[in-house]
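First the structure, in the form of structure tokens, and then the observations on it.
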Amino acid sequence: MVPPAVQRLTHEVTDGVATVVIDHPAKRNAMTDAMWAALPPLLAELAADPAVRALVLTGAGDTFCAGADISTLGRGAAPGLAVAAEDALAAFPKPTLAVVRGYCVGGGCQLAAACDLRFAAEGALFGVTPAKLGIVYPASSTRRLADLVGPAGAKYLLFSGELIGTERALRTGLVDEVWSPEELDKRVVEFTRVLASRSQLTQAAAKEFAAGRADREPYWAEQARGSDDTAEGVAAFLERRPPRFGWTVNS
């Protein structure tokens, strides 16, 4: 009997970092409807876990995600599920990092763009391909892409459906760092360790402000007043030791 193809999201938490893996190797980690639907509740679970201080999203093997599983597109559910998954990722209250190898296309690029930061291996390919399929790309996804690469960059990707390499992706702001495949894992461990050691208060407020939520400034000012993070940060600096920040998203 032939075992069923793997179509799932897996996750683990190590040293304060949750790693979510898109695992559908038979179709270059394309997202099925079930996988899109599974992402928001998984993210909610990880957001509520006080042991999680940062999140990594990546793909199994040598591919990040080739987009939505085309075989599901005719059913009408996938676009809405994809937007809900993307929005849940963008709203995750702790720092998120997409780690990209190989293809990062269509819905995969949506997911990467919804993360706070993106690190890529040399040779990775990025593309937003709805024009090849006659699909109207969602407004929220288009806006998020334009915020990253600028209106002209977003139009280039959306109008043409062409794939771009890491050099152009880095130049346009679609990715933040590019590493050799051999060095990428080491860099991700190093960087996420830094993220996990920093003040969640600073990070959470910065995420909202960067998303245009200036109306939340009074809330974050109140949170800062009630937190010992500033005193701890200053004391740690003067004492030349690592800070032990106490405020958490789950406080």
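Out of curiosity, is residue 51 in a helix (DSSP H, G or I) and either touching a residue at least 40 places away in the same chain (Cβ under 8 Å) or assigned by TED's automatic domain parsing to the domain that holds residue 95 (or both)? So residue 51 does not fit the description; no.
The residues listed here are 246, 212; of these, the one that is surrounded by 13 or more Cβ atoms within 10 Å (Cβ to Cβ) and in a loop (DSSP other than H, G, I, E, B) is 246.
Restricting attention to the range 122-137, the residues being surrounded by 18 or more Cβ atoms within 10 Å (Cβ to Cβ) and assigned to a loop (DSSP other than H, G, I, E, B) number 4. Of the conditions (1) assigned by TED's automatic domain parsing to the domain that holds residue 103; (2) assigned to a helix (DSSP H, G or I), residue 233 fails just one. Which one is it? Single failed check for residue 233: (1). Residues in the range 215-230 that are assigned to a helix (DSSP H, G or I) and surrounded by 10 or more Cβ atoms within 10 Å (Cβ to Cβ): 216, 217, 219, 220, 221, 222, 223, 224, 229, 230.
Of the residues making up the range 63-106, those that are of a type in the set (Asp, Glu) and at pLDDT 95 or above are 86, 87. For the range 86-100, indicate whether the set of residues that are assigned by TED's automatic domain parsing to the domain that holds residue 166 and within 15 Å of residue 163 (Cα to Cα) is non-empty. Yes: one or more hits. Give the residue, chosen from 171, 144, that is part of a helix (DSSP H, G or I) and without any contact (Cβ under 8 Å) to a residue 12 or more places away in the chain. It is 171.
Scanning the range 58-72 for residues that are touching a helix residue (DSSP H, G or I) at 6+ places or on another chain (Cβ under 8 Å) and more than 20 Å from residue 164 (Cβ to Cβ) yields a total of 4.
The set of residues from the range 1-47 being in a loop (DSSP other than H, G, I, E, B) and over 17 Å from the mean Cα position of the chain (by Cα) comprises 1, 2, 3, 4, 5, 6, 7, 15, 24, 28, 32.
The values are calculated or read from the model by the stated rules, or taken from the named source; none is laboratory data. The structure presented is a predicted model; accordingly, all values stated were derived computationally and were not measured. Virtual Cβ from ideal backbone geometry, glycine too; neighbours counted across all protein chains shown.
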